[in-house]
1. Could you derive backbone 3J(HN,Hα) for the stretch 121-131 from the dihedral phi with the Karplus parameters 6.51, -1.76 and 1.60 (θ = phi - 60°), listing whole Hz in sequence and x where the residue is Gly or Pro?
2. Can you put Lys147, Lys108 in order of Cβ neighbours within 10 angstrom, beginning with the fewest?
3. Check cross-link reach from Lys147 to the lysines: straight Cα distance under 25 Å, and skip same-chain residues fewer than eight apart.
4. Whole-Hz ³J(HN,Hα) for each residue in the stretch 79-84, computed from phi via Karplus 6.51 cos²θ - 1.76 cosθ + 1.60 with θ = phi - 60°, x for glycine and proline: what do you get?
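Values quoted throughout were computed directly from the atomic coordinates according to the rules given, and no laboratory measurement underlies them. Since the model is a prediction, treat every value here as computed from it, not as a measurement. All Cβ positions, glycine included, derive from the backbone under ideal geometry; neighbour counts span all protein chains shown.
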Amino acid sequence: MQTSIGAVAESRGFAVSRVLTHWTEIVGADLAAMARPVDVSYGREGMGATLTVLTTGPLATILDMRKAELCDRVNAAYGYRAIARVRVTQTAPTGFAEGQVQFAPAPKPDPVPDPTTKAEAAGLATGADDERLRLALETLAANVLTKRKS
């Protein structure tokens, strides 16, 4: 799976596919909800690339004002000044082939541990005196125990 993502990413100019796979973490939830990366193109001189992002019409103006912030965040992910320019492209609120353009990733469902796992986690966290610490330890233990079972 990772090699197929890498091949597609490299064909679109993304030398570091992490920009595609971790877009929300790199640019922040607010910018990720407005746009998604489409292409990275390099000029003839090779001094800095152009990142093309896709957005819907009304958000293009806001995104245009935040180009510098977007560029800085993406360059921080690359580790050097790879992106020199950001180009904003617009699309209709409904996609041409897909039906609806959706920029936000699908929400992840919260795993609900079964009652035996909750009881076991509560038993592991009984030594904590502080209530908030005990609840945090219970949650951590439940997450670890759920991961082990799956």
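1. So the Karplus estimates, Gly and Pro as x, are 5, 5, x, 6, 9, 5, x, 7, 7, 6, 5 Hz.
2. Values: Lys147 9, Lys108 6.
Going from sparsest to densest Cβ surroundings: Lys108, Lys147.
3. Result set, ordered by chain and number: Lys108, Lys118.
4. x, 7, 7, 7, 9, 9
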